[in-house]
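To start, the structure itself, in structure tokens.
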Amino acid sequence: MLRGAQRCSCLLARQVAARSAATSYIQTLPATLAPLAVLRTAILPDNAPGGAAGLPSTSFPSQSIHTSAWMWQKPSPLDDEDKGRENEDGTVRKINREAGTPKGDEKSKTFEEGFISPHRGSTSEQGDQDSDYLMMHPVYTKEYAESVKPQHKVPEKFHEKTGYWAVTAMRSSFDFITNYGPGKMDECKWLQRIVFLETVAGVPGMVGGMLRHMRSLRSMRRDNGWIHTLLEEAENERMHLLTFLEMKQPGPAFRAFVLLTQGIFFNLYFLFYVMSPKHCHAFVGYLEEEAVKTYTHCIEEIDAGRLPDWEDKRVPDIAKEYWKMGKDAGMRDLILNVRADEACHSHVNHTFAGMQSYEDNPFVKGNHMVA
């Protein structure tokens, strides 16, 4: 033990000595390089092209050179906007938060002049100029949205049958627990059901897209177009959720239940997708069939006058912008568009379930029609 203690003492002494030497070297570095600065000035005057003003400075901010592990936590003076790196004319280089905007002469500024353009959309002006940053999503005509009706693909193959029976079991259990059925739903219950289901519906597309993305990276091969379609589905379901959240904000208990459900469903779907994407796409295809049935039931309830608060209710602005709806669009119009989205997802996933994972995405870029 005495020998081990002696070794530790020696190592500690060496670290202290090395740190002291590094600190001393940093402090004496400007003085060491001072003769070079004098020689530079003598050879290249400040007013000469490419002269002293264009060469690196010999001053070193010792605070920005970290000589120990804990010093990285200290703020560097270069991080302070008011103490930034100086330009050639002595002015302070700052981040230009209005770069790229049409106001004044900021558009003529360049990086060499000390202006750093912010990320696109980080200013309100740029966000207003280009707000169409979402992925492709269908915009339906009134006639098409009205024509969507529940459809069912008869399960024939093994992966279709397992997906169908899994969805049937889940739907029956969820309906029983939530007391769902004709004549039992008011506006509040509908919103609770829709918000919860949309928190789950956005998981499969993201999991599938993520796994295919990772496989493309490690195999160093193209994905053949599936990733984009799956991520479109995930974003579309998330937009459903954000739209209905404008009308109802759930409480803590509801959010806790969503957290639990998402944790279980995400991990299970992840594992099953690794084992068999066909089963997972068939499962989602039948799950979306049930979603079409649910939204059709909701439309029937509105038409029957059982949801009076929704008869004259206007939809949130986020829905009008996303589906390009009219300014007088009501809840029935919103449900029609959401139902059409779910029918589209069902079609896409049933198509993927009948394909091999290495085949090309059959959907034309920009819509969900099979090429």
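Numbers for the structure displayed
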item: Options Glu160, Glu198; residue that is buried (at least 19 other Cβ atoms within 10 Å of the Cβ), of a type in the set (Asp, Glu), in the same structural domain as His240 (by TED's automatic domain parsing) and closer than 17 Å to Val258 by Cα; result: Glu198
item: Elements of type helices (runs of 4 or more DSSP H) contained in the range 128-217, each with 2 or more residues being over 22 Å from Ile264 (Cα atoms) and at pLDDT 95 or above; result: 158-178, 187-201
item: Qualifying residue in the range 270-283 (condition: over 30 Å from Phe352 (Cβ atoms), over 23 Å from the mean Cα position of the chain (by Cα) and part of a helix (DSSP H, G or I)); result: no
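The values are calculated or read from the model by the stated rules, or taken from the named source; none is laboratory data. What you see is a predicted model; the values in this text were computed from it and never measured. Note: ideal-geometry Cβ built from the backbone for every residue, glycine included; neighbour counts use all protein chains shown.
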